[in-house]
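Each remark here refers to the structure printed beneath this line.
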Amino acid sequence: MPETDPVTGYEFSDSEVTEIDNGNNRVGTKFRHDGRWYYFRSLSERQKFIGNPEAYLGGGEDSDSND
């Protein structure tokens, strides 16, 4: 099952998820929150999520997205 970056909506392929799980930070990064791994294209996206996860998971008021 593909993973989606909760900040940007980018959908990772299974091979990209495997690369990240194996430590390839050129593909992306991950962070564990509430018992689940979340995958991100960059450290800055991961930091946005860490700062306010509920905003990106549907529990917040503003996702800070300008897309």
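Give a residue-ordered list of calculated ³J(HN,Hα) values for the range 45-52 (Karplus: 6.51 cos²θ - 1.76 cosθ + 1.60, θ = phi - 60°; whole Hz; x for Gly, Pro).
Here the 3J(HN,Hα) series is 5, 4, 5, 4, 5, 4, x, 6 Hz.
Show the residues, 5+ positions off or on another chain, whose built amide H is closer than 5 Å to the amide H of His33.
Sorted by chain and number, the residues that satisfy this are Tyr38.
In the neighborhood of Lys30, defined by Cβ-to-Cβ distances under 12 Å, what is the net charge if each Lys or Arg adds +1 and each Asp or Glu adds -1? Before the final figure, lay out the partial values.
Working: positive: Arg32, Arg36, Arg41, Arg46; negative: Glu3, Asp5, Glu16, Glu19, Asp21, Glu45.
For residues surrounding Lys30, the net value is -2.
Given (i) 97; (ii) 89; (iii) 148, which label gives volume of the Cα convex hull per residue in Å³ as computed from the coordinates?
Calculated volume of the Cα convex hull per residue in Å³: the matching label is (ii).
About its Cα centre, how strong a charge dipole does the chain have in debye, to the nearest 20, once Lys and Arg get +1 and Asp and Glu get -1 at the Cβ?
Working: 7 positive and 14 negative charges, 64 e Å.
It works out to roughly 300 debye.
Given a 10 angstrom Cα cut-off, can you work out which residue in Glu54, Glu16, Glu45 is the most mobile in a GNM of the chain?
Judging by the Gaussian network model, the answer is Glu54.
Can you list the residues, at least 5 places off or on another chain, whose amide H is less than 5 Å from the amide H of Tyr10, using H built in the peptide plane?
Close amide H contacts, sequence-distant or interchain: Asp5.
Each value in this text was obtained by applying a stated rule to the coordinates, not by laboratory testing. It should be emphasised that the depicted structure is a prediction, and the values quoted were computed from it without experimental measurement. Virtual Cβ from ideal backbone geometry, glycine too; neighbours counted across all protein chains shown.
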